[in-house]
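Comments concern the structure below.
The values are calculated or read from the model by the stated rules, or taken from the named source; none is laboratory data. Owing to the predicted nature of the structure, the values given are computational and were not obtained by experimental measurement. Methodologically, a virtual Cβ is constructed for each residue, glycine included, from the backbone with ideal geometry; neighbour enumeration extends over all protein chains shown.
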Amino acid sequence: MRRRVIFRGTALPLLLLAPQLAVTAVFFLWPAGVAVWQSVLQQDAWGLRTEFVGLRNFAEVLADPDWRAAAWNTAVFSAAVAGLAMGAALVLAAQADKSIRGARAYRTLLIWPYAVAPAVAAVLWLFLFHPSIGLIGRALNANGIPWDTRLNGGQAMALVVLAAAWKQVSYNFIFFLAGLQAIPKSVLEAASIDGARPVRRFWTIVFPLLSPTTFFLLVVNLVYAFFDTFGTIHALTGGGPGKATETLIYKAYVEGVQNTNLGSAAAQSVILMVLVIALTMVQFRFVERRVHY
Amino acid sequence: MATLSVEGVTKSFGATRVLHGIDLRVSEGEMIVVVGASGCGKSTLLRIVAGLEEPSAGRVRIGGRDVTELEPSDRDVAMVFQNYALYPHMTVERNMAYGLRIRGLPKPEIARRVREAAELLGIAGLLDRRPRQLSGGQRQRVAMGRAIVREPALFLFDEPLSNLDARLRVQMRAEIRRLQRRLGVTSLFVTHDQTEAMTLGDRLVVMHAGHAAQVATPMEIWARPADTFVAGFIGSPSMNLLEAVLAEEGRAARLRAGPVLRFADGPRPGPEGRRLLVGVRPEHLRPAGADEAQALDVSLDLVEPLGSESVLHGRVPGGEALTARVAGALPAMADGLRLAIRPAEAHVFDAESGLRLDAVG
């Protein structure tokens, strides 16, 4: 039983909540409110006149082929990042879950990339894959595989996916490992006595029992790929070549900061905000229902 | 249905040796109970037979086939775990069918076996439930069902009753025994509960510190325990062990507590004064008359009335503890009592080795 402390009155509880409320208000509610307001306005090129245009910004954004291309890029990018980061993490966690020599060191090392800032991680990958100075980039070119992320959009996409996924592997790894360790050993032993070999055990016992973890991570990874990869993309490709690696968040930045088209950028931000709210709601709904089998 | 033989199996975890060479032969359809205190190696032995643990040395054969190097999945055994180890994400039906589906049995055959086992165990109405919706006793049955449908060569039970409450435990115990008889599957059952062991086993393996102290039928073990550990472990309350020395050219034991006990079945080997332990079960002590010379003067410190009998706790001269079970209520509550040992029911052990000393010739 958890003991609940009940405060009398409203002054003290409000005071205790104030710091968090202030942070939320200043860094979320205010900018989000401004974004929503901006999204229904249109400014002229010099910022002298502003007029109310209703949902026209949204209509224009949704009809814009560039925005649609960015949405497609985002879908490809997010699916690839989530798939790669979770797949790699699951493989690593399954290995770390075995009783191996030096398991602690192995686990600790795997957690480190999470502590690396996105831009730093991006630079690291840039150095590896740079066509003329990168270790791997040079090796690829030397072996007859033309590699240049500044020219080839597909390669650029592969590189940002790789860099973004790499950073998220640690996080996923921690959760997968915890999930694996929560599976009773005797259940796996029962399965092996029932005749299931390791691969079969994994797909019929381990994977289904991990499904709450997997779903939670899927949502977290999608949100990460949508929003937290701006730094990675900015440092690696700047959305290029062409617009090959321009995702929705990157496009909103380009639109608002470089093209100073505030109305359109705000509308794009609001669309993104609605997306993440929807994702989070799905997650809460699902987690509430499926924590226990 | 098959024979099981365990040959010279040892097991060490690092420098700690938990099994010191176990030999065991189980014939077809036999129910063997491995019993011992916690940490005696009984579960390790079971896990080695199952293939979940590798022996450091020795062989395991099931139905004559050497399975020592085989994975658990290739041994054709079924196991019931202490915590049942049901698959939490599968219905009862799926749980029971899991092993059969892996073996690729035709669907109608799987359905038939699951239905039969479910009816046998009285869980036919639960097939669509998931394990978390079941009570402890029901989970236990599902775990049994999962083992039965496999029709394995060997059943392994790892303390399957210890998570149940006392009443259910007694009920399930009888049920397991009945099922095992009916199906005739060779079984190895591990428990720390001596009552469970006595009631379930065709033969018992009493384990002590990684050794099989005695392998025999329950009644043999009760009547002729091989050493002082077995003597103390099997039987409730425990057998009394009283210090004594060999006297009268091996024909008697002189107890430290006073009386001289003349052996009913002949002399024991060894020099005069050889240190012995004389074992007497609490139920084999009888009240003695005042005129009997060779009786124990017991000072009582606790009487437990159990209705049909009373359990007496006291001390003999010299300070050794003594427990006695006498029929009915204790007549005239006294703080002292004279109890006599029936010589035919005394067990003689060597005090140094703890081993049973039988009459010579």
Name every residue in the stretch B:90-125 that is buried (at least 20 other Cβ atoms within 10 Å of the Cβ), within 14 Å of another protein chain (Cβ to nearest Cβ) and part of a loop (DSSP other than H, G, I, E, B), in order of residue number. none
Members of the stretch B:178-212 that are hydrophobic (A, V, I, L, M, F, W, C), surrounded by fewer than 22 Cβ atoms within 10 Å (Cβ to Cβ) and either in contact with a strand residue (DSSP E or B) (Cβ under 7 Å, 6 or more places away or on another chain) or under 15 Å from residue B:157 (Cβ atoms) (or both): B:179, B:183
When you scan the stretch A:81-94, do you find a residue that is over 20 Å from the mean Cα position of the chain (by Cα), on the phi < 0 side of the Ramachandran plot, modelled with pLDDT of 80 or more and not in a loop (DSSP other than H, G, I, E, B), even just one? yes
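Taking the residues in the stretch A:186-219 that are of a type outside the set (D, E, K, R) and part of a loop (DSSP other than H, G, I, E, B) as candidates, determine which candidate is farthest from the other protein chains (Cβ to nearest Cβ).
Among those that are of a type outside the set (D, E, K, R) and part of a loop (DSSP other than H, G, I, E, B), it is A:210.
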In the stretch A:131-185, what residues are small (Gly, Ala, Ser), surrounded by 14 or more Cβ atoms within 10 Å (Cβ to Cβ) and part of a helix (DSSP H, G or I)? A:137, A:153, A:156, A:158, A:163, A:164, A:165, A:170, A:179
With respect to residue B:66, determine if the residue is in the same structural domain as residue B:163 (by TED's automatic domain parsing), acidic (Asp, Glu) and closer than 23 Å to residue B:193 by Cα. no
Exactly one of these conditions fails for residue B:243: (1) within 24 Å of residue B:206 (Cβ to Cβ); (2) crowded, with 19+ Cβ neighbours inside 10 Å; (3) of a type outside the set (A, V, I, L, M, F, W, C). Give me its number. (2)
Would you pick out the residues in the stretch B:141-176 that are touching a strand residue (DSSP E or B) at 6+ places or on another chain (Cβ under 8 Å) and part of a helix (DSSP H, G or I)? B:143, B:144, B:146, B:147, B:148, B:176
Determine, yes or no, whether residue B:21 is of a type in the set (Gly, Ala, Ser) and loosely packed, with under 14 Cβ neighbours inside 10 Å. no
Name the pairs: first residue in the stretch B:303-316 and acidic (Asp, Glu), second residue crowded, with 16+ Cβ neighbours inside 10 Å, Cβ to Cβ under 9 Å, at least 6 apart or on different chains? B:304/B:310; B:304/B:311; B:304/B:312; B:304/B:313; B:309/B:283; B:309/B:325; B:309/B:326
Single unsatisfied condition, residue B:42 versus (1) more than 16 Å from the chain's Cα centre (by Cα); (2) away from chain A (no Cβ under 14 Å): (1)
Given the conditions (1) assigned to a strand (DSSP E or B); (2) of a type outside the set (A, V, I, L, M); (3) at pLDDT below 90, every one holds for residue B:258 apart from (1)
